[in-house]
1. Going by the conditions given, is Val330 under 20 Å from Cys111 (Cβ atoms) and β-branched (Val, Ile, Thr)?
2. Kindly provide the set of residues from the range 263-279 that are open to solvent by 30 Å² or more (accessible area, probe 1.4 Å) and part of a loop (DSSP other than H, G, I, E, B), ordered by number.
3. If we scan the range 163-171, do we find a residue that is crowded, with 19+ Cβ neighbours inside 10 Å, more than 16 Å from the ligand (Cβ to nearest atom) and under 21 Å from Ile262 (Cβ atoms)?
4. Name the single residue, out of those in the range 61-84 being open to solvent by 90 Å² or more (accessible area, probe 1.4 Å) and touching a residue at least 24 places away in the same chain (Cβ under 8 Å), that is farthest from the ligand (Cβ to nearest atom).
5. Give the residues of the range 206-258 that are under 21 Å from Ala157 (Cα atoms) and of a type in the set (D, E, K, R), sorted by residue number.
6. For the range 338-358, which residues satisfy the criterion of being farther than 11 Å from Asn377 by Cβ and either open to solvent by 60 Å² or more (accessible area, probe 1.4 Å) or without any contact (Cβ under 8 Å) to a residue 60 or more places away in the chain (or both)?
7. For Gly289, indicate whether it is touching a residue at least 24 places away in the same chain (Cβ under 8 Å), within 16 Å of the ligand (Cβ to nearest atom) and not in a helix (DSSP H, G or I).
8. Run down Arg372, Arg361 and say which single residue is modelled with pLDDT of 95 or more, basic (Lys, Arg), surrounded by 14 or more Cβ atoms within 10 Å (Cβ to Cβ) and within 23 Å of the chain's Cα centre (by Cα).
Amino acid sequence: MKRREVIKSISILPVAGVVIGSSFPLDYTISAPATSSAPKRDLFKELGLRKFINAAGTYTFMTASLMPDEVVEAIVSTSREFVLLDEVQDKAGEKIAAMCHAEAATVTAGCWSALVLGTAGVLTGMDIKKVAQLPNLEGMKSEVIVQKSHNEGYVHALTNTGVKMVEIETVQELENAINEKTAMMWFLNYAAPHGKIQNEEWVALGKKHSIPTMIDMAADVPPVQNLWKYNDMGFDLVCISGGKGLRGPQSAGILMGRKDLIAAARLNAPPRGDNIGRGMKVNKEEIFGMYVALDRYINQDHEKEWKIWEERISLIENAARRVNGVTAEVTIPQIANHTPTLNLSWDINKVKVTRDEFQERLRMGNPSIEVRGGNDNSVVITVFMLKPGQEKIVASRIQEELIKASL
Ligand SMILES: *Cc1c(COP(=O)(O)O)cnc(C)c1O
């Protein structure tokens, strides 16, 4: 179907009448392992769970992302043999580090656990007694410097180790704050535009004072180059989520950076037990899955994928624009969730539905659709988590609900 025909065909068709194409080259579906011919057990049905089309984004509470077939196959195919957990980490870590221009890397239980383990490694080094002692910091450094505008969200991961966050705003304040208790300097990448000190300068100041720097770039691919940009820049530790843009297992992430710090971080992690990281276990299947997801992501055709996203966005945009009183704007967040994003808003006098009601109607429809709430009378839509063809359903349902509210 040509795009123009698709747009024509969606004008107020009931969802059942929408043809779902499968001409998209990127495979977002998960198939059953090739060996099983028995009827599939529908676990969603068995547990009474609502499945939905995700036009919102990589949200943790929405289970973040769908793993591509290759990743699922890596998980299934490695699940049938024993290996040593540390050996899987060693070997997968070497490959991951090479792909991302880091000295070393390890797979963690999400970006949050990368933040904890990386910080713990900085504090303990290779001292087993210190590892066992955390979060009691007696005899260790105890402060992490952070820009005020970065001191939010996931900082609890750092303070779990016992450290105290020390807020600064200017370079002068940073240099005054540095003392013998300073363990690390932490940078929250998505908050960069709100801080006075940018990435390169942060790294330079860390090097000047011999203090390790860590960056949280959890949701900051795409662009793919970010996977090595901050290692090349000289951050000592880089933390990223595995289950967001990379579409690895949701409960995986990557900690990469200086070899000595990664080794120390691993002392604080399973399979070792007397440490604060014991509950942040990553099983071998997830480590393989993470490795394959990263490899696949790096080698995929990013330009092609971006074009597909733009096509999906314009399909939905055009369908919504046909309704009188609706305004549509496409933006691309600069850092984090860097993907075409459609902001739909409407004149409440013409389209008589609140944002929450509108979201609820999409949610309760068949199929169920999740979009993000925006400001008053507006919703925000992304298409990077859609399976091929779902953009047509989203376009049609959104148009349908907007028209219903206009009558
Ligand atoms: C999602 C996120 C985290 C946590 O990552 P997980 O992979 O879910 O553990 C940490 N920091 C930022 C900025 C995030 O967006």
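1. Values: under 20 Å from Cys111 (Cβ atoms): no; β-branched (Val, Ile, Thr): yes.
Taking the combined requirement at face value, the residue does not satisfy it.
2. Pro271, Arg272, Gly273, Asp274, Ile276, Arg278, Gly279
3. So the first thing to find is which residues in the range 163-171 are crowded, with 19+ Cβ neighbours inside 10 Å, and the list is 163, 166, 168.
Applying the additional criterion that residues be more than 16 Å from the ligand (Cβ to nearest atom) yields 163, 166, 168.
From the residues that got through so far, the ones that are under 21 Å from Ile262 (Cβ atoms) too are 163.
Checked the range 163-171: at least one residue is crowded, with 19+ Cβ neighbours inside 10 Å, more than 16 Å from the ligand (Cβ to nearest atom) and under 21 Å from Ile262 (Cβ atoms).
4. Looking at the filtered set, the residue picked out is Glu73.
5. Across the range 206-258, the qualifying residues are Asp216, Asp220, Asp236, Lys244, Arg258.
6. Hits for the range 338-358 are Pro340, Thr341, Leu342, Asn343.
7. No; evaluated as a whole, the condition is false for this residue.
8. Going through Arg372, Arg361 in turn, just one is modelled with pLDDT of 95 or more, basic (Lys, Arg), surrounded by 14 or more Cβ atoms within 10 Å (Cβ to Cβ) and within 23 Å of the chain's Cα centre (by Cα): Arg372.
The values are calculated or read from the model by the stated rules, or taken from the named source; none is laboratory data. Small disclaimer: the values here were computed from a predicted structure and weren't measured. Cβ: placed from backbone, ideal geometry, glycine included. Neighbour counts: every protein chain shown. We work out accessible area using only protein heavy atoms, side chains counted, and drop any ligands, DNA or RNA first. Shrake-Rupley method; radii C 1.70, N 1.55, O 1.52, S 1.80 Å.
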